[in-house]
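For reference, the structure discussed in these notes is given below.
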Amino acid sequence: MSLRILAVDDSRTMRDMIRLALVEAGFEVHLAEDGIHGLEVMDAVNPQVIITDINMPRMDGFGFIEAVRAREDYKGVPILTLTTESATELKQRARDAGATGWIVKPFNKEKLISIIHRVAA
Amino acid sequence: MDTMDEIRETFFLECEDLLQDLETGLTAIRDGDRDPEKVNSVFRAVHSIKGGAGAFALNDLVRFAHKFETTLDEVRAGRLEPQTDLVALFLRSADFLADLVASAQSGDQVDGEQIDHLISELESFIDSDNAAPSAENFVFEPIALDFSLDFDAPPPPPAEDGDWRITISPHENLFARGNDSVMLLRALRLLGDYSVTCDWSDLFFLDHMDCEKSYLKWSLTMPAMVTETAIREVFEFVEDECDLKIERTAVSSAPRPAPVETQTPSKPALAASPQALHEDSDHGPSTAASADANGKDAGKAPKATVRVELDRVDRLINLIGELVINQSMLSQAVFDAGFPPNSPLAGGLDEFKQLTRDIQESVMSIRAQPVKPLFQRMSRIVREASNATRKDVRLVTEGESTEVDKIVIERLSDPLTHMIRNAVDHGLESREKREAAGKPREGVVRLSAMHRSGRVIIEVSDDGAGINRPRVRQIAIEKGLISADEQLTDGEIDNLLFMPGFSTASEVSNLSGRGVGMDVVKKSIQALGGRVSIVSVPGQGSSFIISLPLTLAILDGMVVRIAGQTTIIPLTDIVETLKPKPEDIHYLSTEGQVVFIRGAFVPLVDVGATLGYRAPLTKVDNQIVVLTQTEDSALSALLVDEIFDQRQVVIKGLEENYGSVPGIAAATILGDGRIALILDVDRIVSRKSMTADLSEAA
Amino acid sequence: MHDKNETPPMNENKFISFTISGQTFCVDIMAVREIRGWAKPTPIPHSPSYVCGVINLRGTVLPIVDLGARLGMPSTDPTPSNVTIVVQIGEQLIGLVVEAVSDILSLKDSILQPTPEIASETSKAFFKSLVALEGNMIRVIDLTTLAPAAQMSTAA
């Protein structure tokens, strides 16, 4: 059974890229445009891994992660943040919010997949 | 199309939007908007462009976007004030970013010097002492997304190193962020076979166990060939959530510990997983073939918009147009058949009419787009023009949400660009002159859009010196456009600007000399079925007013007969209709007749003669007067033979297959299937422009 | 006009031939969209004399040109017995009023003769080439010379 992944990013390009990479690797991919949309899609698809951008309109990545972690049924779901830099400050804030790990943009497909396998099967 | 090409296309499409957001945000900030979300959205736009550009290894774009973003981040973090000069630099950077995107798309070379120059300008604002640490020591290295690479083969084993011994003691809260030691072990398994022991001594008191906490400790032995980096990478996310020891055992001395106590609760999954993962990577290339099908499924989820070719929308619009005509034919037939208005048939037909109209409006709205992007492009033109002319200019835009047909927006870009440049170059005075005239140094160019009586009005105005009429006149005489003794009204002098070959630029500035005159502007606007007029007040400025039809829209019209021809007069232009008494009609001269209506003399227009349908009437006899007034013209009395009806008609362009016709705005199809022409009242009543158009045509 | 060198890839083309005042003309069949009966056009103000007006062709405003008059022959008032050939010239659709459509011809390139130099300016302007067929001279009309929109409205 393929892993259900929710990817939240306000950039269409990024969403397309994530989708392409993950679908090719056999994952089931669902996409959302920002935190609020992400929460909606999450309820609909019940993802096993969540990937989220940080800087997004309406509800940013931190808010989204906190909202996910606040949900009893999503406490243990791995959440990976997408960051453009290995900025430690951002990573720490994401961790404080409850992120499992991070993916540095731009990513290559293998890296993305191996990181996902590091947090979920 | 190749999938990566598609994403690339998506990227450039997205860039357009992002660049627009960037410009909107920066303009708002320049105008004093201090909402933190504004800075945020600006930052986000640059950030997203950089992110996408990185994936396509558009290195120049990434390099510049990164520096731009870093400086914006300083503002976002409150370490930098968005002062005027900084925001101006941001706006220039935004323009340049747009150039970089454009050249990335076309594959053109970019001016490396300009990048460096702007980057150093941006850097000059970053105080290295205060700058965020991430901005200081960070080098952004784009990694192109490479989908063809196979999984990297493990590097050859380093010589003579011992096996790895790894001990993991997760903290209690390891699970809190979604990490899981089982996953870690599984990821390690990908690096190489290992033996593992589990220490579950902490699980001793099962009744105290909190299943959200981690109690197990692990010891592993990994083959020597695995690199430390690879191992550390696996623990990248849990460094702070477990005690981790990674060390090499002495060369060939360590006896392999027997796998004892590996029977942990999660063991079955553990045993199965490496194999499963191995299969996954084997499937890598073969699943690629089915990626398309999967992609389609996955693509359904996110967005409630569809991209549709314009052609398809147009086909739909044409069909709806047919439907409207068909409906009116049907109505006519029902009416002719003598059904009473309250019959079920007539009632149903009314509903049909309403539905048709609703459909038509919704379909039209698909094509309609706000003028905002067009206006936003103009702010760049203003910036460039103000730099080139060394004038301080502020562009004020109004009515950005006004919706106009997409094609109109596209074709308006060039004329508008030229008019804006003109306003800055010729309209506004130099700083010195403005100050001498007691005006603020900063000139204002105003660009506005609105809907008015079924047309779109776009106005470009400046608060400059107004048209220098004596000079315009002088130039026109010099160029032989008018004779030296010709008497012209102010309005006529202003209109000389639209004459082919006229250019007021006596010195060729950076902006003029582009080979486009106002005559070309006028032509392109006329080609859209529009008109352009000038209002200028000496010392106060000039306005160029473009009036455009909402192409393909429905028009409420009065159906009349003029010299035997069924003709439509737009209802918006009509004030009233009346039948004049013969004694109210006065002959001013051989051609000019006026009709006395409610205490005023209104010029009488013999439309049939103006359109060349017949010779001018020598005597008004039994005709009806349609009193019209438009935004451009005063009250006029149009002579018609008969009034039939008022109804909605679908506007059909004459331009596509024929060309523009003086005095005729467009055509429509009547209930009987025949074509009726729609009058362009402004042109009909302004005899001067009718004659000018005709002589121009000849 | 000047495109005599543009030899089509195929060396045989199909043409529709028709008559005006007893003379035979033809146009490339590829440009012909349809042939229809006469419908009374709505006159267009200030149009050239050879423009009869416009008709409704399934929602499209179709200009109707009296082809005879356009080619410099005496203009006749078209009657219901006339036929309209709807041709596409570039992006434009135009209806050409002719007397009657006579035939579909398959003509080899080799029998198409260039319009002779001695021909009148009108002939050289409008005709691509001439064909002698069964003792008749058929003029091949160069459709591109027939009134693109811009020219038509300003040709008055």
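Comparing B:Leu118, B:Phe90, B:Ala45 along the charge dipole axis of the range B:28-136, the residue lying farthest to the positive side is B:Ala45, per the Cβ-charge model.
Counting, for every residue in C:43-56, the Cβ atoms of other protein chains within 10 Å of its Cβ and taking the mean gives 6. Neighbouring Cβ atoms from other chains, within 10 Å of the Cβ of residues in C:84-94, number 1 on average. Of the cross-linked pairs B:Lys372/B:Lys652; B:Lys581/C:Lys40; B:Lys391/B:Lys522; B:Lys50/B:Lys406; B:Lys50/B:Lys217, those separated by over 32 Å at the C-alpha level are B:Lys581/C:Lys40; B:Lys50/B:Lys217.
The overall shape of the range B:554-697 is prolate: from the C-alpha gyration tensor, with semi-axes ordered a ≥ b ≥ c, the ratio a/c is 1.5 or greater and a/b exceeds b/c. If every alpha-carbon in the range B:356-457 counts as one equal scatterer, what log10 I(q)/I(0) does Debye give at q = 0.12, 0.13 1/Å? Result of the Debye calculation: -0.48, -0.54.
Full extension of the chain between B:Arg614 and B:Glu113 yields a length gain of 173.5 nm, computed as 0.36 nm times the residue separation minus the alpha carbon distance. Amide H contacts of A:Ile51 (H built 1.01 Å from N, in plane; Pro and chain starts excluded): A:Leu6, A:Ala7, A:Val8, A:Leu80 sit under 5 Å, all sequence-distant by 5 or more or on other chains. Taken along its three principal axes, the alpha carbon spread of the range B:1-129 comes to 46, 29, 22 Å, from the longest extent down to the shortest. Arranged from fewest to most other beta-carbon atoms within 10 Å of their beta carbon, B:Leu72, B:Leu316, B:Leu588, B:Leu80 become B:Leu588, B:Leu316, B:Leu80, B:Leu72.
Each residue of the range B:384-400 was assigned a 3J(HN,Hα) from its phi angle through the Karplus expression (A = 6.51, B = -1.76, C = 1.60, θ = phi - 60°), giving 5, 5, 6, 5, 5, 9, 6, 10, 8, 10, 10, 9, 10, 10, 9, x, 5 Hz with x at Gly and Pro.
A simple rule links phi to the HN-Hα coupling: the Karplus curve 6.51 cos²θ - 1.76 cosθ + 1.60 with θ = phi - 60°, which for the range B:650-656 gives 8, 6, 10, x, 8, 4, 4 Hz, with x for Gly and Pro. Shown for B:Arg248, B:Arg186, B:Arg315: other C-beta atoms within 10 Å of each C-beta, ranked fewest to most, produce the order B:Arg315, B:Arg248, B:Arg186.
So what is the relative contact order of the range C:14-150, in percent, for Cα pairs below 8 Å that sit 6 or more residues apart? Value for the range C:14-150: 27 percent.
Only DSSP H runs of four or more residues enter the estimate; each adds -39500 (n - 2.57), and after division by the residues of chain A the mean residue ellipticity at 222 nm equals -13500 deg cm²/dmol.
When each of A:Arg71, A:Arg15, B:Arg383 is scored by the number of other beta-carbon atoms lying within 10 Å, the sequence from fewest to most is A:Arg71, B:Arg383, A:Arg15.
Loop-located GluC sites (Glu not before Pro) across the range B:451-488 with a Cβ neighbour count of 13 or fewer within 10 Å are B:Glu486, with loop assigned by DSSP. For the range B:646-668 versus the range B:50-85, the inter-centroid distance based on Cα atoms is 50 Å. Between amide H atoms placed 1.01 Å from N, distances below 5 Å from C:Ile89 occur with C:Ile94, all of them 5 or more places distant or on a separate chain. Other residues within the sphere of radius under 9 Å centred on the Cβ of C:Cys26, judged by their own Cβ, net out at -1 (K and R +1, D and E -1).
The numbers here are math on the coordinates, done by the rules we state, and not lab data. None of the values given here were measured: they were computed from a predicted structure. Cβ atoms come from the backbone with ideal geometry, glycine included; neighbour counts cover every protein chain shown.
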